[in-house]
Amino acid sequence: MKNFVRAGNIVVFIVLMLACATAAMAGQWIQVVTSETGYELIKKAGSGSETFCQLGDVLIINSGDVFNDQILKTDPVNVMPVRPGEKLYLITTKDPAVFNMVFPGTRTVYRDMGFIVLLAGETAAMNLMSKQTDFTKVELLPGNQVVLSRPLTTGITRIKSEDALAKFIDKLDMPAFMQDLTDLVDLKTRYSYVSQGQKAVDHCEEVLKEMGYATSQQPYNIGSSRTNNLIAEIKGSDEDKFGQVLIVGHLDSTSESPRSNAPGADDNGSGAAGVMALARLLHESGIKPAATVKFILFMGEEQGLYGSKAYVKALSATERPTIKAVFNLDMIGFDAVAPLSVMIETSSFNRPMVEKMQKLALDYADFTIHTSFNAWGSDHAPFLQAKIPAVLTIESEFSSNPNYHKTTDLIESINQGLCLQILRLNAAAMYAYAIDAGRLN
């Protein structure tokens, strides 16, 4: 009987401890709801102490008990208690290997379109921080911010077709784009550490020279290896007033066998061929731009954005402010799930440029647009870190591309329709910022 009573007391003690622990945890909750519902609930039932972060159509809210009781009445809703010591972390990555990774000791709140939100204690958080690279950013989840906007759908029925800009865009030569892409893939690899990488640079230089552009190669080191960026340029009629516009993308590729077999059709043959397609468009239009336009192909992106870092580092203090816009094309050719969709990415200081591109997309392209203000992981990032206005256009489905960094990244996986629409948007942006620059404001 004594043993039974003692055992009973132990059970009661454990229950009381669990109840106390639950009570301690219950003071803080994470709710995952649609952004529309979440904002409405915060407005109606919020106390002002709640924090939120928007990721597309989803709103992640951090709140107390009272608000949580209100939100539980909403359907559907996902609610998670915050355990002692846990904090919310945001991973922004362009690396599908990281995107699909399991993080021990964490709980997943959200995972989509290159963004992961996790609840992690101190030890697990240390492991998360170790994943940060040039392609993966790890930080505390920003409070009261829009990291990824709700999707904006354009629609072919409203596309302008009769104005000067529309007629300019219609000159895009997609067969030539596909031929350029095929030529790059046929090189077998464009890996920065092998001779085929330089062969790709030389090949693209000849193509751009034939269009009449002045070209140069910018040498720099990746460790002990030497490589080159390629720059093609047309001087603007009034560079002093309208500055420079840069159209950029990385030329190098990688795979499981990068030295011999890294076709890189989507990553980033599509973006590199896109840069050349926009150069061809400007050349064949016969229009003299007001701003100086530079078409730049970077090497060393796959090793850590070496090419764009070298380019930005070489800019003088007087030249940096003359760069009015940088348009980065990276992975513009994979779209397996309808409708066509694209992510536009920049930093919050560059919001006006993105708003201009959204307007251009509505008028001249046909796809769904997601806008990210958490820039990381591609060649726009070094420019943004130097406070130079830059925007990335990238396929929305990059994190689910099964051919990423594989020998299967071939022409057959390219969605030409997506390439066309992304090129239309960037052609419109090039026209607005370089040709018709006087009307920007």
Please identify the pairs in which a residue from segment 81-108 that is assigned by TED's automatic domain parsing to the domain that holds Phe67 has its Cβ atom under 7 Å from the Cβ atom of a residue that is assigned to a loop (DSSP other than H, G, I, E, B) and aliphatic (A, V, I, L, M), counting only partners at least 6 apart or on another chain.
-> Pro81/Ala26; Leu88/Leu141; Tyr89/Leu141; Leu90/Leu141
Test result for Pro402, assigned by TED's automatic domain parsing to the domain that holds Leu297 and free of Cβ contacts under 8 Å to residues at least 40 places away in the same chain | yes
Is one or more of the residues making up segment 37-45 part of a loop (DSSP other than H, G, I, E, B) and out of contact with any strand residue (DSSP E or B) (no Cβ under 6 Å at 6 or more places or on another chain)?
-> no
Among Leu140, Leu55, Leu59, which is exposed (fewer than 15 other Cβ atoms within 10 Å of the Cβ) and closer than 20 Å to Glu345 by Cα?
-> Leu140
Those residues of segment 156-194 which are surrounded by 14 or more Cβ atoms within 10 Å (Cβ to Cβ), free of Cβ contacts under 8 Å to residues at least 40 places away in the same chain, in a loop (DSSP other than H, G, I, E, B) and of a type in the set (D, E, K, R), in sequence order = none
Flag for Tyr193 being over 13 Å from Ala310 (Cα atoms) and either aromatic (Phe, Trp, Tyr) or in contact with a Cys (Cβ under 8 Å, 6 or more places away or on another chain) (or both) = yes
Mind checking whether some residue in segment 43-66 is among the aromatic types (Phe, Trp, Tyr) and touching a residue at least 60 places away in the same chain (Cβ under 8 Å)?
-> yes
Inside segment 267-301, the number of residues satisfying the requirement of being in contact with a Pro (Cβ under 8 Å, 6 or more places away or on another chain) and under 25 Å from Leu187 (Cα atoms) is 1
Can you pull out the residues in segment 130-155 that are of a type outside the set (A, V, I, L, M) and either closer than 16 Å to Phe99 by Cα or not in a loop (DSSP other than H, G, I, E, B) (or both)?
-> Ser130, Lys131, Gln132, Thr133, Asp134, Phe135, Thr136, Lys137, Glu139, Gln145, Thr153
Which one of these is at pLDDT below 95 and over 21 Å from Leu90 (Cβ atoms): Ala427, Ala437?
-> Ala437
State which residue is surrounded by the fewest Cβ atoms within 10 Å (Cβ to Cβ) when the search covers only segment 195-221 and only residues that are more than 20 Å from Leu282 (Cα to Cα) and within 26 Å of the chain's Cα centre (by Cα).
-> Asn221
Could you pull out every one of the strands (runs of 3 or more DSSP E) wholly within segment 335-418 that has 3 or more residues that are closer than 18 Å to Asn268 by Cα and of a type in the set (A, V, I, L, M, F, W, C)?
-> 341-345, 390-395
Read through the list (1) among the charged types (D, E, K, R); (2) surrounded by fewer than 20 Cβ atoms within 10 Å (Cβ to Cβ); (3) under 26 Å from Ile332 (Cα atoms), then give the number of the only condition that Lys235 fails.
-> (3)
What is the residue count in segment 74-126 for residues that are loosely packed, with under 13 Cβ neighbours inside 10 Å and assigned to a helix (DSSP H, G or I)?
-> 4
Long-range neighbours under 8 Å by Cβ, at least six apart or interchain, first residue in contact (Cβ under 8 Å) with a residue 24 or more places away in the chain and assigned by TED's automatic domain parsing to the domain that holds Ala428 within segment 353-369, second assigned to a helix (DSSP H, G or I) and β-branched (Val, Ile, Thr) = Tyr364/Ile169; Ala365/Ile422; Asp366/Ile156; Phe367/Ile422
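The values are calculated or read from the model by the stated rules, or taken from the named source; none is laboratory data. No experiment lies behind these values; they were computed from the predicted model shown. Positions of Cβ are generated from backbone atoms using ideal geometry, with glycine treated the same way; all protein chains shown enter the neighbour counts.
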